[in-house]
Amino acid sequence: MVFGGNLSPVTLATIASALMCAAIGVLNSTAPSIAGAITFAILFGLGNGLFSIVAGTLPLVLFGSQGYGRLQGKITSARLTVSAVAPFALAFGMTNIGIHWALAITMALGAGAIVAYVLIRRLVSRVR
């Protein structure tokens, strides 16, 4: 909140994704370390907290206020579905391919989100 007041929601979403991706990278590379677990919790908490704020403003910036409630409902239902499935998918991956590979795949998916937000930011800047 202190440093991001003048940043766009797309930039903040990129930062939030980068923080969560970095957190998983720290966890994967430092386990089993107490300091690594603490660093993971701090980075992931910062990213997740920032993203919870951005989740309400990003669709408004990208798509406008027309039909905002309906669109936000669709986005939220998709996000909640993925959030409900994620622990089971991660546990399945950890069991079948190993902890480090499951976390590496999770980190790669996070990196994909970062790339997507960077591309969205470029598209938004071209439109304006």
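Observations
- Where Phe44, Phe63 fall by accessible area, highest first, once all protein chains stay in place (1.4 Å): Phe63, Phe44
- Helix 34-63 vs. the chain, principal-axis angle (Cα, 0 to 90°, nearest 10): 20 degrees
- Backbone phi angles across segment 16-28, fed through the Karplus curve with coefficients 6.51, -1.76 and 1.60 (θ = phi - 60°), yield HN-Hα couplings of 4, 5, 5, 5, 5, 5, 4, 4, 5, x, 4, 4, 5 Hz in residue order; Gly and Pro are listed as x.
- For segment 8-84 and segment 105-121, distance of Cα centres in Å: 11 Å
- Tensor-based shape of segment 19-86 (alpha-carbon gyration tensor, a/c under 1.5 rounded, otherwise prolate or oblate): prolate
- Principal axis dimensions, largest first and in whole angstrom, of the chain by Cα: 47, 31, 23
The values are calculated or read from the model by the stated rules, or taken from the named source; none is laboratory data. This structure is a prediction, so every number in the text was calculated from the model and none was measured. Only protein heavy atoms, including side chains, enter the accessible area calculation; ligands, DNA and RNA are left aside. Shrake-Rupley method; radii C 1.70, N 1.55, O 1.52, S 1.80 Å.
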